[in-house]
Amino acid sequence: MKNPYVFGFLPLITILLFSLTFSVFTMNKAIALFKVIGVYSGMREFLSDLELKLFLLIILTLVYFMLFSALKLIAETIHEIGMLFFSKDFEGKTISQARGGYVIFFVGAVISAVGLQSLQLLLLIFLATALIYFIYVVFKLSNSMSLLGTVGLIMFEIIIWSLFLALVIYAIIKLYNGVIASLPLL
């Protein structure tokens, strides 16, 4: 049986798993921070320990779910624009060949459960999974593209992602500097 929709559910499961692992890590850090600054005991007056953890987990999972969903949407858009510029496939057959790569992200999401105690490990697993997926997709699509088209697609995606990352870092630095400048210093 060869059904083209057999991997259709994997992106949703993958995003949920990555969101859950990142939110469990963030929840543990947030609770530790709440205890240090003295807010935790006040929160415990309204919610039990389990309710507080569950509430934080749900909120953080939702935030990470939105973040990873937005990244997936941006990544697919960048990739399909690159394919528009560099692919010779006008019927869309090559895009379905790369769908098997969803399994790579699913395996990476399952492995991310190992890194619940370390942000560096979680980020390393996520970035390694994305890199392996990118290599797999380029390998699968290179069969239907010329060498120049393959190199063009790779360069296009690297340049667009670099610009996107630089823009995000610039915005964070400007926001940080604005907040620091507005604080009254001793």
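Please list the three semi-axes, largest first and in whole Å, of the ellipsoid equivalent to region 131-186, using sqrt of 5 times the eigenvalues of its alpha carbon gyration tensor.
Output for region 131-186: semi-axes of 41, 10, 5 Å.
Could you sort 174-181, 159-166 so that the peptide with the highest average Cβ count within 10 Å comes first and the rest follow in order?
159-166, 174-181
Cα centroids of region 38-62 and region 118-186: how far apart, whole angstrom?
Region 38-62 and region 118-186 have Cα centres spaced 33 Å from each other.
Just to be sure I understand the model, the point goes 7 Å from the Cα along the line to the Cβ. What's the resulting Ile13 to Ala130 distance in nm?
For Ile13 paired with Ala130, the spin-label model returns 2.3 nm.
Using just the helices of the chain, give the 222 nm mean residue ellipticity in deg cm²/dmol: DSSP H runs with n ≥ 4 each add -39,500 (n - 2.57), and the total is spread over all residues, rounded to 500.
Taking each H run of at least 4 residues, the total per residue is -27000 deg cm²/dmol.
Ignoring ligands, DNA and RNA, what percent of the 1.4 Å accessible area of region 107-186 is carbon and sulfur?
81 percent
What is the percent carbon and sulfur in the accessible area of region 11-71, measuring with a 1.4 Å probe over the protein chains and ignoring ligands?
78 percent
How long is the gain from Ala171 to Asp49 if the chain were fully straight, where each residue apart is worth 0.36 nm and the alpha carbon distance is subtracted?
Extra length available between Ala171 and Asp49 comes to 40.3 nm.
Could you tell me whether the chain comes out rounded, prolate or oblate from its Cα gyration tensor? Rule is a ≥ b ≥ c as square roots of the eigenvalues, rounded for a/c under 1.5, then prolate if a/b exceeds b/c, otherwise oblate.
Working: a/c = 3.10, a/b = 1.69, b/c = 1.84.
Judged from the Cα gyration tensor, the chain comes out oblate (a/c at least 1.5, b/c at or above a/b).
Could you name the lysines in cross-link range of Lys88, using Cα to Cα under 27 Å and dropping any fewer than eight places away on the same chain?
Within the straight-line limit of under 27 Å, Lys88 reaches these lysines: Lys2, Lys72, Lys140.
Which residues does the label zone of Val39 cover in region 50-84, counting backbone N under 13 Å from a point 7 Å along Cα→Cβ?
Within reach of a label on Val39: 56.
Please enumerate, by chain and number, the lysines with C-alpha under 18 Å from the C-alpha of Lys29, excluding those fewer than 8 residues away in the same chain.
Output for Lys29: Lys53.
If the only charges are +1 at each Lys and Arg Cβ and -1 at each Asp and Glu Cβ, what is the size of the charge dipole of region 32-186 around the Cα centre, to the nearest 20 debye? Mind dumping the intermediate values first?
Details: 9 positive and 8 negative charges, 27 e Å.
Using Cβ point charges on Lys, Arg, Asp and Glu, region 32-186 gives about 140 debye.
Please calculate how many Å² of accessible area the chain carries per residue, with a 1.4 Å probe and no DNA, RNA or ligand atoms counted.
68 Å²
The values are calculated or read from the model by the stated rules, or taken from the named source; none is laboratory data. Quantities reported herein were computed from a predicted structural model and do not represent experimental measurements. Cβ atoms come from the backbone with ideal geometry, glycine included; neighbour counts cover every protein chain shown. When the accessible area is computed, the model is the full protein with side chains, heavy atoms only, and any ligands, DNA or RNA have been set aside. Shrake-Rupley method; radii C 1.70, N 1.55, O 1.52, S 1.80 Å.
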